[in-house]
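Heads up: the structure comes next, in structure tokens.
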Amino acid sequence: MRTRAAVVLAILVGAGLSIRGPLEAQVRPVYDMGAAGLVQLLERLQTTASVLHTGAHPDDEDSSFIARMARGDHARVAYLSLNRGEGGQNIIGTELFDALGVIRTEELLQARRLDGGEQFFTRSFDYGFSKTRAEAAAKWNEREVLGDMVRVIRTFRPLVIYARFSGTPADGHGQHQMAGYLTPLAFKAAGDPTQFPEQIAEGLRPWQPKKLYRGAGFRPDPANAPTISVQTGVVDGAIGRSYAEIAAEGRSQHKSQEMGGIEPLGPAASGLIRLEAPAGGPAAAGERSIFDGLEVSVAGLGVAAGLPSGALQSELTAMANAARQALTTYQPTEPARLVPQLVAGLTATRAARQAARGLAAPADARADADFLLAAKERDFTDALVRAAGVVIDPLADAETVVPGGTLNVSVRTFLADPALVRIAGASLRAPGGWTVAPPPPPPPSSGQAAGQGGPQRRETPSAETRYVVTVPTGAAPTQPYFLVQPRAGDMYQWPAGAPRTLPFDQPLLTAEVVLEIGGVTVSVSRPTQFRTGDRVRGELRRNVNVVPAVSVGLDSRLLIVPSGSAPNTQRIVVRTTSYSVTPMRGSVRLRLPAGWTAEPAEVPLSLASEGDADAATFLVKAPSQRTPGSFDIVAEAVVGGATYSRDVQTIAYPHIQTHRVYSPAVARVQVFDLEVAAVKVGYIMGSGDQVPEALRRMGLDVTLIDPDLLATGDLSRFDTIVVGVRASEARPDFVANHARLREYMERGGTLIVQYQQTDYVARNLPPYPVKTEGNPRVTDETAAVTILAPRHPVFASPNVITPADFDGWVQDRNLYSFGSFDGRYTALLETADPGEKPQRGGEVYADVGKGRYVYTSYAWFRQLPAGVPGAYRMFANLVSLSKALQ
């Protein structure tokens, strides 16, 4: 009999196997493909082990543990993140809040494709950094979050739960503490039918996991020594990499968080502390696996489910024997030789499911057995399809389709050995109200297959079924389900019918092909995608999306208008884009608040074909008498009696799947007392923010300073230079030209530096000595702020600043403030989170030669795009310093 080691050796020296699954995004699931992927699947046939890992955010997960469990222990493993990371910063673009959550959801999916786990979420929204669990409890509906966690447990039904966090202040972030606090509660509540009975009413069943662990923490602590160390530095013979390497590759997909890093070699381990376990099992200190003491073998599946002793024994034995034989006889160059064993295993699994339904056993035991058997049936089916060399690849001829429009879909099946497989039929599933029909007869020369683009090699499938899909006129645009309804504070509102707790909706179109392999019939489903060839990046795949026929957007979603009676005219540009293959002709107009006027009243619209775009410019005059307040201006395109008034934000990066987020075509007008000096501003963009747009809203002349201008240009033409957030990380030229900026200040310029991380101080970039110490941020956006130097021009000119200007902030007071600093700095503001010492390093001023320097870690990059009036008044004073101090 061949050993597993012999099988692995054969894989390492044998030829690769060209079996692949669907590519649902830009990161290929390389460790699930070919010979290594099939070996892992054959290993998974041997076990019913499962584990759920919990944390608060994207990147909190113990990726090495996930990779070890999924690819080393071959368990079902999933990560439950309480939120989608919406409150963080974005190092790769300007998306924040909900849009950033979409990016980070995708980044988690890319990581899971590599480490082998599944992904779940609760409905909580990441409101930003917090220091206590109490703040998290005040922001989130704790009961709803707990209910979502219970829903995941009852759906996924893990044997083991591993909480990343302890639920104590040792976890740091308040949201980490909340995740650690709620996990044990969810562990117990999931098995109690009186908890969240609405879930039971909708068909979920209680589930009591058997064991609970938590992480030992990020720093060694003798008081919290691990009871078990899960080895993750082991090299997997089939894959050729350690689980820690795979995990690091997955963590490098968190690009918006700048999480790229090396893929370490050598010993590594995840330390876990056991909190709960069944009575009579092994002592915690004696465990060698988190599954010790649990029945996880296929042969013991009936016992694990609670069936009577000996029930299903013949069927389960046949399943186990078939799985074992398949693994031990596998030859990478001859995968088809596995078909008889896999057919036997699949047949036994189906027989076991049928027999279980008729057993005289408790309904819950029968249902638990069926849950496990259904998972094994999927595994046997997947292995059989791979071993038979079947690839099913449904393609659409377009990425987007408008309501009332049509798509051509080709369901293509490729067979490595047509003598081994018979295609019994194909079908295409679509949402309710959609029409799926055969296409008309093709012309003599039919051209390329659906979904082709760029340079292509002609493909010849073994079978191909074509469809014409018609979308109903009332179809809603495709967008992440959690963004369909407005948030209620910091909690998403999931619409009825949404795939609650899942990352995104299921694909709109799914192909199903029925195959006969070795005498058994299997049904295989694959998502329909659009495929194109990029001459630089190669093959790209996109999900099919419904989009509006016309999108309508504004060049700015926020207008800042000073109060008073001075004439004020705002230039508004309305952008329209056609997604329709037919011409779109009509007009563009604005709906204005009472007393406001626009010139012209409307602009003709003519978009000839898909992809055409146009812009209409309006001059909007504010009333002569304006009092502070907030107003809306709505842009509309009227085409053929239909009114379009939604903008689309396309979120597209090379490492993730493309998504579209929709919002009303509305510009909010903020009217408040505001003055600003006529200064020329240069802006050194850091990791990405929207502060330059805010400065332009104040009527300022703003120039983005690129590396060439910073290195060799005339900086003296700028009255003020503003440095964007995290520039010391994102702009090496900013660091390299530190001396030029010092010279700029000494000759009379004003340098305003927004928050930088600790490397800014470590590199000695401030003009005078500074230290970072303690907790450098104030996370409570309502924390009281004291103005320490009320007569300083920063607070006196041209706007008189009062504590009221700190009202209405949206997230954070400040980030990465100075700790202690040289006496040449003047502290301008004081604030603190509740219960903490006052912090004075959040905004400091210093004279530098003839010029001046301000470090301000206050969260302007969040407040200015949100239209917070006080933030505009204070930032206007900052950039006006060069005039105020002349």
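The values are calculated or read from the model by the stated rules, or taken from the named source; none is laboratory data. Everything numeric in this text was worked out from a predicted model, so none of it was measured. Quick reminder, even Gly has a Cβ in these numbers, built from the backbone with ideal geometry, and neighbours come from all protein chains shown. These accessible areas exclude ligands, DNA and RNA; they are computed on the full protein's heavy atoms, side chains included. Shrake-Rupley method; radii C 1.70, N 1.55, O 1.52, S 1.80 Å.
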Can you work out which of the residues in the stretch 368-390 that are open to solvent by 30 Å² or more (accessible area, probe 1.4 Å) and either without any contact (Cβ under 8 Å) to a residue 40 or more places away in the chain or out of contact with any helix residue (DSSP H, G or I) (no Cβ under 7 Å at 6 or more places or on another chain) (or both) is nearest to residue 642 (Cα to Cα)?
-> 378
The condition of being open to solvent by 60 Å² or more (accessible area, probe 1.4 Å), among the small types (Gly, Ala, Ser) and out of contact with any strand residue (DSSP E or B) (no Cβ under 9 Å at 6 or more places or on another chain) holds, among 256, 252, 314, only for 314
The one condition in (1) farther than 16 Å from residue 784 by Cβ; (2) open to solvent by 10 Å² or more (accessible area, probe 1.4 Å) that residue 851 fails to fulfil = (2)
What is the one condition in (1) outside any strand (DSSP E or B); (2) open to solvent by 10 Å² or more (accessible area, probe 1.4 Å); (3) more than 30 Å from residue 207 (Cα to Cα) that residue 426 does not satisfy?
-> (1)
Considering residues that are open to solvent by 30 Å² or more (accessible area, probe 1.4 Å), aliphatic (A, V, I, L, M) and part of a loop (DSSP other than H, G, I, E, B), the number found within the stretch 785-828 is 3
Scanning the stretch 560-569 residue by residue, those open to solvent by 10 Å² or more (accessible area, probe 1.4 Å), touching a residue at least 60 places away in the same chain (Cβ under 8 Å) and in a strand (DSSP E or B) turn out to be 562, 564
How many of the residues in the stretch 274-333 are of a type in the set (S, T, N, Q), assigned to a loop (DSSP other than H, G, I, E, B), in contact (Cβ under 8 Å) with a residue 24 or more places away in the chain and in contact with a helix residue (DSSP H, G or I) (Cβ under 9 Å, 6 or more places away or on another chain)?
-> 2
Return the only residue of 223, 238 being of a type outside the set (Phe, Trp, Tyr), open to solvent by 60 Å² or more (accessible area, probe 1.4 Å) and more than 28 Å from the chain's Cα centre (by Cα).
-> 223
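Name the helices (runs of 4 or more DSSP H) wholly inside the stretch 721-784 in which the number of residues that are open to solvent by 10 Å² or more (accessible area, probe 1.4 Å) is 3 or more. Outline the logic, then answer.
Numbers: elements: 727-730, 732-736, 738-746, 759-762.
Output list reads 732-736, 738-746, 759-762.
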Could you tell me which of the residues 87, 117 is more than 30 Å from residue 75 (Cβ to Cβ) and crowded, with 23+ Cβ neighbours inside 10 Å?
-> 87
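So which of 412, 378 ends up being at pLDDT 95 or above, within 14 Å of residue 466 (Cβ to Cβ) and charged (D, E, K, R)?
Details: 378 fails: within 14 Å of residue 466 (Cβ to Cβ).
The conditions single out 412.
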Give the residue that is nearest to residue 384 (Cα to Cα), with candidates limited to residues of the stretch 506-519 that are outside any loop (DSSP other than H, G, I, E, B) and open to solvent by less than 20 Å² (accessible area, probe 1.4 Å).
-> 517
Criterion violated by residue 654 - all others in (1) within 30 Å of residue 113 (Cα to Cα); (2) at pLDDT 95 or above; (3) not in a strand (DSSP E or B) satisfied | (2)
Scanning the stretch 677-696 for residues that are at pLDDT below 95 and within 26 Å of residue 886 (Cα to Cα) gives none
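Could you list, in sequence order, all residues of the stretch 829-846 that are β-branched (Val, Ile, Thr) and either crowded, with 22+ Cβ neighbours inside 10 Å or at pLDDT below 95 (or both)? Spell out how you get there, then give the answer.
Step one: filter the stretch 829-846 for residues β-branched (Val, Ile, Thr), giving 831, 844.
Result: 844, single match.
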Taking the stated definitions as given, is residue 71 touching a residue at least 24 places away in the same chain (Cβ under 8 Å), part of a loop (DSSP other than H, G, I, E, B), basic (Lys, Arg) and open to solvent by less than 10 Å² (accessible area, probe 1.4 Å)?
-> no
Among 413, 381, which is in a strand (DSSP E or B), in contact with a Ser or Thr (Cβ under 9 Å, 6 or more places away or on another chain) and polar (S, T, N, Q)?
-> 413
Considering each residue of the stretch 476-497, count those that are crowded, with 18+ Cβ neighbours inside 10 Å and either without any contact (Cβ under 8 Å) to a residue 24 or more places away in the chain or assigned to a loop (DSSP other than H, G, I, E, B) (or both), and give that number.
-> 6
Out of all the residues in the stretch 611-618, is one or more within 21 Å of residue 478 (Cα to Cα), of a type in the set (Asp, Glu) and either free of Cβ contacts under 8 Å to residues at least 40 places away in the same chain or open to solvent by 50 Å² or more (accessible area, probe 1.4 Å) (or both)?
-> yes
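For residue 166, are the conditions met, namely being farther than 19 Å from residue 98 by Cα, assigned to a loop (DSSP other than H, G, I, E, B) and either out of contact with any strand residue (DSSP E or B) (no Cβ under 7 Å at 6 or more places or on another chain) or open to solvent by 10 Å² or more (accessible area, probe 1.4 Å) (or both)? Break it down into steps so the answer makes sense when it comes.
Working: farther than 19 Å from residue 98 by Cα: yes; assigned to a loop (DSSP other than H, G, I, E, B): yes; either out of contact with any strand residue (DSSP E or B) (no Cβ under 7 Å at 6 or more places or on another chain) or open to solvent by 10 Å² or more (accessible area, probe 1.4 Å) (or both): yes.
Yes; evaluated as a whole, the condition is true for this residue.
Are any residues in the stretch 586-622 in a loop (DSSP other than H, G, I, E, B) and farther than 19 Å from residue 666 by Cβ, and if so, which ones? Working first, answer last.
Residues of the stretch 586-622 in a loop (DSSP other than H, G, I, E, B): 592-596, 600-601, 608-612, 622.
Across the stretch 586-622, the qualifying residues are 600, 608, 609, 610, 611, 612.
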Would you say residue 276 is surrounded by fewer than 18 Cβ atoms within 10 Å (Cβ to Cβ), within 22 Å of residue 323 (Cα to Cα) and out of contact with any Asp or Glu (no Cβ under 9 Å at 6 or more places or on another chain)?
-> no
Residue pairs within 7 Å by beta carbon, gap of at least six or interchain, first lying in the stretch 720-749 and in contact (Cβ under 8 Å) with a residue 24 or more places away in the chain, second of a type in the set (Asp, Glu) and outside any helix (DSSP H, G or I), listed first then second, are 724/689; 725/689
Quickly run through the stretch 409-420 and pick out the residues that are surrounded by 14 or more Cβ atoms within 10 Å (Cβ to Cβ) and out of contact with any helix residue (DSSP H, G or I) (no Cβ under 9 Å at 6 or more places or on another chain).
-> 409, 410, 411, 412, 413, 414, 415
Filter pass, residue 520 being over 23 Å from residue 393 (Cβ atoms) and not charged (D, E, K, R) | no
Counted residues, the stretch 830-886 - those being over 17 Å from residue 783 (Cα atoms) and assigned to a loop (DSSP other than H, G, I, E, B) | 9
Could you tell me which of the residues 153, 161 is in a strand (DSSP E or B) and either surrounded by 24 or more Cβ atoms within 10 Å (Cβ to Cβ) or within 23 Å of the chain's Cα centre (by Cα) (or both)?
-> 161
Condition met for residue 209 (touching an Asp or Glu at 6+ places or on another chain (Cβ under 9 Å), surrounded by 21 or more Cβ atoms within 10 Å (Cβ to Cβ) and part of a loop (DSSP other than H, G, I, E, B)) = yes
